[in-house]
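Enquirer: My structure is below; once you've seen it, I'll send some questions.
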Amino acid sequence: MADLHLNLDRSAGGLAAQIRRELREAIRSGRLAQATRLPATRELARDLGLSRGVVVEAYEQLVAEGLLEARTGVGTRVAVVPRRPPSREEEPDEGPDRGPEQMTDDGPRPTTPDLGAFPRQAWLGALRHVLTTLPHEAFDYGDPGGVPALREELAAYLRRVRAADATPDEVVIVAGVAQGVSLVMHALAAARGGPVVLAVENPSSVRQLPLLRRTGARIVPVPVDEEGIVVAALAGSGAQAVLVTPAHQYPTGVVLSPGRRAELIDWATRTGAVVVEDDYDAEFRFDRDPVGCLQGLAPDRVVLAGSVSKAMAPGLRLGWIVAPPPLAVAVRTARAELDLGSPVVDQYALAHLIGTGGYDRHLRRMRREYRIRRDALALALAEHLPGVEVRGISAGLHLYAECGGNVDAEELAVAAGRAGLSVEPVSAPGRNALVIGFARLPAHRVAAAVRDMARDMARDMASLTRPPRSRRGRGR
Ligand SMILES: Cc1ncc(COP(=O)(O)O)c(C=O)c1O
């Protein structure tokens, strides 16, 4: 049971409210970890020299807010809830020189794949092959742009699967999309001799903003509608580069329409801007024919960035960019100056896995499984939460849930987290929505989780409308 340090100002009155505030702050900052058991109300009241009712009132309110859980026989403990959703100040409408960044949350992401399905045997086989066949010299520093064997396999793979226009010289191996985008921004800034004005989709992945700001880019938000990024809004933005997610917009799940694709390329060609295509979950396309990447349509204007993070595991930190030759050289140089490149053994192993068809086999299997999970989640949401409209499910590992007028997305996110779903509220003006991941929840558990979430929401609504007197009365 935790010892609690609470700062109370006894002369100010409102002691229950002060206890609530202190506990809320301790939970949100992580000082009180999830599942920590709190002292019994009687004990805490005695320690603080207060009447027990004051502590009961504070605990009850926090239970109603979902921050604490009370169980008969177990006592009160900190709830297992998703971390604090991003606040309004964290939307992509500010320059790079803000205060300390708070979006460094490293909890499970809705877009994380099923890590239990990592192809351990196939990866082990590839590593064994590499370790038994590579000459000693191969373990030296590799090419900072990536080992040639992997660049060749990837160029062929991306041409075949994503309709990319790629030669091995245009491929640079990086430690994931995040690092790829970051290196591209550094290279563009160096080429231009100053900060780059970078347009980002709004809404977008708030987790990427700290990384983008760190490159010195000046960020300009550009709205997204049901066809994807609104290219007309780019025209007056002064952007020299734009970061887009055409295959499956994050978070809305919209696939960039053919008309918008043409407009975007036209805009980039007219203005000389660079389009950075974040192809983060493009391997997973369920309903319609695969949509090729933008890069294949305009290889001299578009940089494609992808990784194995959704196909296999983010922890591998293995990805690629495909860039026009001068930019590919600049990115390779940036990587050489930064850290001399990615681990060579994993690169050879991935080359072997792709070359022998193991990567394709794994993807085909995961595509079938994720489709089943996606269908189960969409069905359960329609049945138990009819006030929530599901969108963006033709691809990827998450869906976009738009909440109707009487459902609050942030409350729903808390209920979903408690029910074991991985979620992220969407923080953008005028949007009342959340992202729900379906990759890690087996289909047979989906219906129960969504039912729990719907019940939890109904209970929260009831507790918010219950008169405060009856709430106090119960605890005494
Ligand atoms: C939209 C988007 N882009 C990029 C990334 C980062 O990908 P990587 O692991 O390849 O760096 C993520 C990770 O969740 C993402 O959601």
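The values are calculated or read from the model by the stated rules, or taken from the named source; none is laboratory data. The structure displayed is predicted, hence computed values, not measured ones. As a convention, Cβ positions derive from the backbone with ideal geometry for all residues, glycine included, and neighbour counts pool all protein chains shown.
Enquirer: What are the residues in the range 287-305 that are within 30 Å of GLY116 (Cβ to Cβ), out of contact with any Gly (no Cβ under 6 Å at 6 or more places or on another chain) and either of a type in the set (Val, Ile, Thr) or within 16 Å of the ligand (Cβ to nearest atom) (or both), if any?
Expert: VAL291, CYS293, LEU304
Enquirer: Pairs, please: C-beta under 7 Å, at least 6 apart or cross-chain, first residue assigned by TED's automatic domain parsing to the domain that holds ARG270 and in the range 282-311, second of a type in the set (Lys, Arg) and more than 16 Å from the ligand (Cβ to nearest atom)?
Expert: Within 7 Å, the pairs are PHE284/ARG367; PHE286/ARG371; PHE286/ARG374; LEU294/ARG261; LEU297/ARG261.
Enquirer: Among the residues of the range 385-393, is any under 23 Å from the mean Cα position of the chain (by Cα) and basic (Lys, Arg)?
Expert: yes
Enquirer: From the set of residues in the range 151-201 that are among the small types (Gly, Ala, Ser) and within 14 Å of the ligand (Cβ to nearest atom), which is surrounded by the most Cβ atoms within 10 Å (Cβ to Cβ)?
Expert: GLY180
Enquirer: Considering SER237, SER257, which residue is modelled with pLDDT under 95 and away from the ligand (no atom under 16 Å from the Cβ)? Walk me through it before giving the result.
Expert: On the way: SER257 fails: modelled with pLDDT under 95.
Going through SER237, SER257 in turn, just one is modelled with pLDDT under 95 and away from the ligand (no atom under 16 Å from the Cβ): SER237.
Enquirer: Consider the range 124-148. How many of its residues are in a loop (DSSP other than H, G, I, E, B) and either surrounded by fewer than 16 Cβ atoms within 10 Å (Cβ to Cβ) or of a type in the set (Asp, Glu) (or both)?
Expert: 5
Enquirer: Is it the case that some residue within the range 180-202 is within 27 Å of the chain's Cα centre (by Cα) and under 21 Å from TYR359 (Cβ atoms)?
Expert: Yes, because at least one residue in the range 180-202 is within 27 Å of the chain's Cα centre (by Cα) and under 21 Å from TYR359 (Cβ atoms).
Enquirer: Determine whether the range 277-284 contains at least one residue that is over 28 Å from ALA189 (Cβ atoms) and not polar (S, T, N, Q).
Expert: yes
Enquirer: Right, here's the next one. Does the range 172-182 include one or more residues that are polar (S, T, N, Q), closer than 23 Å to ARG213 by Cα and not in a helix (DSSP H, G or I)?
Expert: So far as the range 172-182 goes, no, none of its residues is polar (S, T, N, Q), closer than 23 Å to ARG213 by Cα and not in a helix (DSSP H, G or I).
Enquirer: A further question follows. Of (1) within 29 Å of LEU340 (Cα to Cα); (2) at pLDDT below 95; (3) assigned to a helix (DSSP H, G or I), ARG151 satisfies all except one. Which?
Expert: It is condition (2) that ARG151 fails.
Enquirer: Can you tell me which condition GLY315 does not meet? The list is (1) within 16 Å of the ligand (Cβ to nearest atom); (2) in a strand (DSSP E or B); (3) surrounded by fewer than 17 Cβ atoms within 10 Å (Cβ to Cβ), and all the others hold.
Expert: Unmet for GLY315, out of (1) within 16 Å of the ligand (Cβ to nearest atom); (2) in a strand (DSSP E or B); (3) surrounded by fewer than 17 Cβ atoms within 10 Å (Cβ to Cβ): (2).
Enquirer: Of the numbered conditions (1) in a loop (DSSP other than H, G, I, E, B); (2) in contact with a helix residue (DSSP H, G or I) (Cβ under 7 Å, 6 or more places away or on another chain); (3) within 16 Å of the ligand (Cβ to nearest atom), SER204 fails exactly one; give the number of that condition.
Expert: Here SER204 clears every test but (2).
Enquirer: Just give me the residues in the range 207-231 being more than 16 Å from the ligand (Cβ to nearest atom) and among the basic types (Lys, Arg), in sequence order. Please lay out each step first, then the result.
Expert: Filtering the range 207-231 for residues more than 16 Å from the ligand (Cβ to nearest atom) gives 216, 218, 220, 223, 225-227, 230-231.
The one that is more than 16 Å from the ligand (Cβ to nearest atom) and among the basic types (Lys, Arg): ARG218.
Enquirer: Might you check whether a residue that is of a type outside the set (Phe, Trp, Tyr), part of a helix (DSSP H, G or I) and within 17 Å of VAL174 (Cα to Cα) occurs anywhere in the range 285-308?
Expert: Within the range 285-308, not a single residue is of a type outside the set (Phe, Trp, Tyr), part of a helix (DSSP H, G or I) and within 17 Å of VAL174 (Cα to Cα).
Enquirer: Of everything in the range 325-363, what is crowded, with 17+ Cβ neighbours inside 10 Å, in a loop (DSSP other than H, G, I, E, B) and more than 15 Å from the ligand (Cβ to nearest atom)? Give them in sequence order.
Expert: Scanning the range 325-363 gives a single hit, GLY341.
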